[in-house]
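Visitor: One structure, pasted below without further comment.
The values are calculated or read from the model by the stated rules, or taken from the named source; none is laboratory data. Not measured: the values here are computed from a predicted model. Because the Cβ atoms are built from the backbone with ideal geometry, glycine has one as well, and the counts that use them run over all protein chains shown.
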Amino acid sequence: MRTSVIYLFVFCLIAFSSCNQESNKVKLTNEDKTIEKKIDDLLSKMTLEEKIGQMNQYTGNGAATGPIKAREKDIEDLKKGYVGSMLNVIGAENTREMQKLVMENSRMKIPLIFGLDVIHGYKTIFPIPLGEAASWDLDAIEQSARIAAIEASAAGIHWTFAPMVDIARDPRWGRIMEGAGEDPYYGSLVAKARIHGFQGKSLKDDGSIVACAKHFAAYGCAEAGRDYNTVDISNRVLHEIYLRPFKAALEAGVGTFMNSFNEIDGTPATGNSYLVQETLKGEWGFRGFVVSDWNSIGEMVNHGIAKDKGEAAMIAANAGNDMDMETSAYRDSLVSLVKAGKVKEITIDKAVRRVLRIKFQLGLFDDPYKYCHPEKEKSQLLSPEHIKAAREGARKSIVLLKNENNTLPLKIDVRTIAVIGPLADSKIDMIGGWSAQGEGKDAVTLLEGIKTAVSSTTNILYTKGCDIWGDSSNTFKVAISLAKQADVVVMAIGESGTMSGEARSRANINIPGKQEDLVREILKTGKPVVIVLMNGRPLTINWLAGNVPAILESWFLGSQAGNAIADVLFGKYNPSGKLPVTFPYAVGQIPIYYNHKNTGRPKVDNINPYCSKYTDIPNEPLFPFGFGLSYTTFEYSTLKLSTNQMKMKDSLTVSLTVKNTGQSDGEEVVQLYIRDLVGSVTRPVKELKGFRKVMIKTGESKDISFTLKSSDLAFYTKDMSFKAESGDFKVFVGTNSDDCKEASFSLTE
Ligand code: NOJ
């Protein structure tokens, strides 16, 4: 008797805690409660097959990133209500037609949710996300996501697989272009801005689409920068670096998460119960749904964690993956897995509840054809307002890396300008990778931008000079002769728009082909040369940095690339971008990031050989995180602290004055970093904790202040509790992570 009472008690405890795991973190509003009741009602009427259907996502033919299977069976499934979502169905007319199949044929009439990779614009294309992050302008970032949502929703899309919030410390990894760079603090703010932009104030609002924080988790940490490769990191690094932007996404109310292709600590993320069930849905209390990545359930067979697709489906469903993108493993196996008791029906119900919840929140049950209006689609895409925002966002994203002897800005009445390079007049490359329905024909090239910007008397000469790839230097001659005739040469070189992105890892991140050789030849003419770099990742450009007078980092700036670059070249806009990622000096330094640890033998001089250094190259990167020049100069005062002894419950103000000491008005990104000198575990040499982007007129000074609270100093301590520890700190404020003023303070109980 006593034993059975104990069993009962333990059972209740387990049942209570597992149900609590998903429900007790969030306080429900009345609207939430009404939705839950409606879901209860629906669930009570659905067959097991219909429920599993809601967990099933198929692709259309729009923008697939993997093999596409025959469509007839999919259509039959749609009619039966065995599909919860479609991705890659493009255009309001097509989404309407597909929704009709479901609404007019299925028993339960549960609307589909249409998803698409709307990464940096839908039709009006904004800078690639890494480039946009270089703007350090959170309002502009939010606005670009909003415009992307307005255009995508006008074309029938309810759900974007963005933002990618993966931290990336390895520029070999092609998907570095899709994120906000290497820093978890800044990455978290960018994640929030993008989610607010996509989702608006409410998912019900016109123009709002559901965002998706991806790829959960640590996908950016693939070994050797090779896409899809193994990830093996400590739990501390996972939580402190890689999960932070995901947590921020959750705080911003993101509706969905996508898990990642990689394994982590021996378990593929798609079947990783610690990540999804325990952390995301349990500890963090996430109430939206989790979608797999493309065939990532099926790929658990290759990982060697499941013997077949059926077993993979079981692992994924039990780990908390709610929707199956393109494996059809749920569709094919979940019914029998439930019947065999290997997946509980309650697990299915919980997953379906999450999917239905988002559909209710979007208002799809009120209007399944929401967003499927072809007339609206026409009026929204590429509207003048969107184009204007794309140009503004693009010019804010440009980073001035070098400007010797004030080579830039150029005069608009320059007599003859030679525009040279394989990227100077390539429309398609301007929109970069993952550009949804963006088209090259709508993009402005650098050559076009320059033509519009210069005076009517300026003579423009143009030639490609060479290809992006390839060994031929046959066309150098023409380029050299044009350069000789010019007063200044502007060269657009770098990667093609699709050399970065998914499955685009590179072992060498140099400028491909003969492009650098072309620059060498052009430099020999003695003419001033301005390099406009176009690339989706940091490149190793030591030679360029050492030899050409001016370099502009322009990433892939989107539909208005050419106009935005011209704005900067001719001084209509003073560059204000800062690198959100470190530019290595050599591939051998990778992974490289500013917030590294000190080691027991940090390099202090060039004499001691037994320290942490390379024998053949410097430790320092070519350009540090946060780096970017302006046409003007800024002088930083010493730092003033409101106190040198901060109590845990108090705060500390760090203030300084920044003066514009140059000849033009300009914006500066003032960056604050801290260092915790001694901790229960080792701490990074610097950590970004704040920044301000300020416009300062020439000759003017601006007072800047930052407030630090003990929560800003918190980290995962020895026992993995997230808190600040008392002790000594340094605080740094500067123009980049390397060039700062510093002061000290201590934190006491
Ligand atoms: C695979 C990519 O990893 C993911 O980011 C994307 O959203 C899906 N394909 C859908 O296209």
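Visitor: Taking region 590-608 as the region of interest, how many residues are surrounded by 17 or more Cβ atoms within 10 Å (Cβ to Cβ) and in contact with a Ser or Thr (Cβ under 9 Å, 6 or more places away or on another chain)?
Guide: Number of matching residues: 4.
Visitor: Can I ask one more? Filter region 136-183 for residues that are assigned to a loop (DSSP other than H, G, I, E, B) and touching a Cys at 6+ places or on another chain (Cβ under 7 Å) and give the result.
Guide: Gly156, Phe161, Ala162 - these are the residues of region 136-183 that are assigned to a loop (DSSP other than H, G, I, E, B) and touching a Cys at 6+ places or on another chain (Cβ under 7 Å).
For every residue, the table says whether it meets (1) within 14 Å of the ligand (Cβ to nearest atom); (2) under 23 Å from Lys192 (Cα atoms); (3) of a type in the set (Val, Ile, Thr).
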site: Phe216; (1), (2), (3): yes, yes, no
site: Ser234; (1), (2), (3): no, no, no
site: Asn259; (1), (2), (3): yes, yes, no
site: Thr267; (1), (2), (3): no, no, yes
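Visitor: Considering only region 218-263, state which residues are closer than 18 Å to Asp322 by Cα and not in a loop (DSSP other than H, G, I, E, B).
Guide: Phe246, Leu250, Thr256, Phe257, Met258, Asn259
Visitor: Here is a follow-up. Please identify the pairs in which a residue from region 463-484 that is over 21 Å from Met534 (Cα atoms) has its Cβ atom under 9 Å from the Cβ atom of a residue that is buried (at least 18 other Cβ atoms within 10 Å of the Cβ) and of a type in the set (Gly, Ala, Ser), counting only partners at least 6 apart or on another chain.
Guide: Here the result reads Val478/Gly465; Ile480/Gly465; Leu482/Ala418; Leu482/Gly465; Lys484/Ala418, each pair linking region 463-484 to a residue that is buried (at least 18 other Cβ atoms within 10 Å of the Cβ) and of a type in the set (Gly, Ala, Ser).
Visitor: Only one of Ala154, Ala149, Ala140, Ala133 is touching a His at 6+ places or on another chain (Cβ under 9 Å) and not assigned by TED's automatic domain parsing to the domain that holds Arg692; which?
Guide: Testing whether each residue is touching a His at 6+ places or on another chain (Cβ under 9 Å) and not assigned by TED's automatic domain parsing to the domain that holds Arg692 leaves just Ala154.
Visitor: Taking into account only those residues within region 101-125 that are more than 34 Å from the chain's Cα centre (by Cα) and not aliphatic (A, V, I, L, M), which is nearest to Tyr82 (Cα to Cα)?
Guide: Ser106
Visitor: Continuing with the same structure: Tally time: how many residues in region 151-168 are more than 14 Å from the ligand (Cβ to nearest atom) and in contact with a helix residue (DSSP H, G or I) (Cβ under 7 Å, 6 or more places away or on another chain)?
Guide: Qualifying residue count for the region: 6.
Visitor: Exactly one condition in (1) closer than 30 Å to Ser153 by Cβ; (2) crowded, with 21+ Cβ neighbours inside 10 Å; (3) hydrophobic (A, V, I, L, M, F, W, C); (4) modelled with pLDDT of 95 or more is not met by Leu382; state its number.
Guide: All conditions pass for Leu382, except number (2).
Visitor: Could you check how many residues of region 308-326 are among the polar types (S, T, N, Q) and either in a helix (DSSP H, G or I) or out of contact with any Ser or Thr (no Cβ under 7 Å at 6 or more places or on another chain) (or both)?
Guide: 1
Visitor: In addition: Only one residue in Phe691, Phe715 is in contact (Cβ under 8 Å) with a residue 60 or more places away in the chain and under 21 Å from Asn235 (Cα atoms). Which one?
Guide: Phe715
Visitor: Can you give me the number of residues within region 304-348 that are touching a strand residue (DSSP E or B) at 6+ places or on another chain (Cβ under 8 Å) and among the hydroxyl-bearing types (Ser, Thr, Tyr)?
Guide: Residues in region 304-348 being touching a strand residue (DSSP E or B) at 6+ places or on another chain (Cβ under 8 Å) and among the hydroxyl-bearing types (Ser, Thr, Tyr): 2 in total.
Visitor: Which condition breaks for Val654 when tested against (1) outside any loop (DSSP other than H, G, I, E, B); (2) touching an Asp or Glu at 6+ places or on another chain (Cβ under 8 Å); (3) farther than 26 Å from Gly131 by Cβ?
Guide: The one condition Val654 does not meet is (2).
Visitor: Another question about this same structure. Of the conditions (1) outside any helix (DSSP H, G or I); (2) within 27 Å of the chain's Cα centre (by Cα), Ile305 fails just one. Which one is it?
Guide: With respect to (1) outside any helix (DSSP H, G or I); (2) within 27 Å of the chain's Cα centre (by Cα), Ile305 is out only on (2).
Visitor: Name every residue in region 241-291 that is surrounded by fewer than 24 Cβ atoms within 10 Å (Cβ to Cβ) and among the charged types (D, E, K, R), in order of residue number.
Guide: Within region 241-291, Arg244, Lys247, Glu251, Glu263, Asp265, Glu278, Glu283, Arg287 qualify.
Visitor: Exactly one of (1) buried (at least 22 other Cβ atoms within 10 Å of the Cβ); (2) in contact with a helix residue (DSSP H, G or I) (Cβ under 7 Å, 6 or more places away or on another chain); (3) assigned to a loop (DSSP other than H, G, I, E, B) is unmet by Ala566. Its number?
Guide: (3)
Visitor: Answer yes if at least one residue in region 458-477 is of a type in the set (Gly, Ala, Ser), within 35 Å of the chain's Cα centre (by Cα) and either at negative phi or in the same structural domain as Ala162 (by TED's automatic domain parsing) (or both), and no otherwise.
Guide: no
Visitor: Out of all the residues in region 263-287, which are in contact (Cβ under 8 Å) with a residue 40 or more places away in the chain and more than 27 Å from Ile35 (Cβ to Cβ)?
Guide: Correct list: Glu263, Ile264, Ala269, Thr270, Gly271, Asn272.
Visitor: Of the residues that sit in region 124-135 and are in a loop (DSSP other than H, G, I, E, B) and within 29 Å of Glu377 (Cβ to Cβ), which one is nearest to the ligand (Cβ to nearest atom)?
Guide: Applying the filter and picking the extreme gives Ile128.
Visitor: Next question, about the same structure. I'd like to check something: does region 116-123 contain any residue that is away from the ligand (no atom under 16 Å from the Cβ) and in contact (Cβ under 8 Å) with a residue 24 or more places away in the chain?
Guide: Yes, region 116-123 contains at least one residue that is away from the ligand (no atom under 16 Å from the Cβ) and in contact (Cβ under 8 Å) with a residue 24 or more places away in the chain.
Visitor: Consider Asp429 against the criteria (1) surrounded by 21 or more Cβ atoms within 10 Å (Cβ to Cβ); (2) of a type in the set (Asp, Glu); (3) over 25 Å from Ile541 (Cα atoms): it satisfies all of them except one. Which criterion is unmet?
Guide: For Asp429, the failing item is (3).
Visitor: Read through the list (1) at positive phi; (2) touching a Ser or Thr at 6+ places or on another chain (Cβ under 9 Å); (3) outside any loop (DSSP other than H, G, I, E, B), then give the number of the only condition that Asn405 fails.
Guide: Asn405 satisfies all of (1) at positive phi; (2) touching a Ser or Thr at 6+ places or on another chain (Cβ under 9 Å); (3) outside any loop (DSSP other than H, G, I, E, B) except (2).
Visitor: Take the residues of region 176-190 that are more than 16 Å from Leu116 (Cβ to Cβ) and in contact with a strand residue (DSSP E or B) (Cβ under 7 Å, 6 or more places away or on another chain): which is nearest to the ligand (Cβ to nearest atom)?
Guide: Here the residue is Gly179.
Visitor: Of all residues being at pLDDT 90 or above and part of a helix (DSSP H, G or I) in region 358-376, which is nearest to Glu151 (Cα to Cα)? Just the residue, please.
Guide: Leu362
Visitor: How many residues, within region 41-64, are surrounded by fewer than 17 Cβ atoms within 10 Å (Cβ to Cβ), assigned to a loop (DSSP other than H, G, I, E, B) and at pLDDT 95 or above?
Guide: Going through region 41-64 one residue at a time, the tally reaches 1.
Visitor: Considering each of Ser737, Ser680 in turn, give the residue that is of a type in the set (Ser, Thr, Tyr) and out of contact with any Pro (no Cβ under 7 Å at 6 or more places or on another chain).
Guide: Exactly one residue qualifies, and that residue is Ser680.
Visitor: While we're on this one: Need pairs with beta-carbon distance below 6 Å; first residue closer than 17 Å to Asp712 by Cβ and in the same structural domain as Ile264 (by TED's automatic domain parsing) and within region 237-249, second among the aliphatic types (A, V, I, L, M) and in a helix (DSSP H, G or I); sequence gap 6+ or separate chains.
Guide: Short answer, once both residue conditions are applied: Pro245/Ala191; Ala248/Ala191.
Visitor: Related question: Test Ile480 against the stated conditions and say whether it is surrounded by fewer than 22 Cβ atoms within 10 Å (Cβ to Cβ) and of a type in the set (Val, Ile, Thr).
Guide: Yes: the conditions hold for Ile480.
Visitor: Of everything in region 194-218, what is among the aliphatic types (A, V, I, L, M) and surrounded by 23 or more Cβ atoms within 10 Å (Cβ to Cβ)? Give them in sequence order.
Guide: The answer is Ile195, Ile209, Val210, Ala211, Ala213, Ala217, Ala218.
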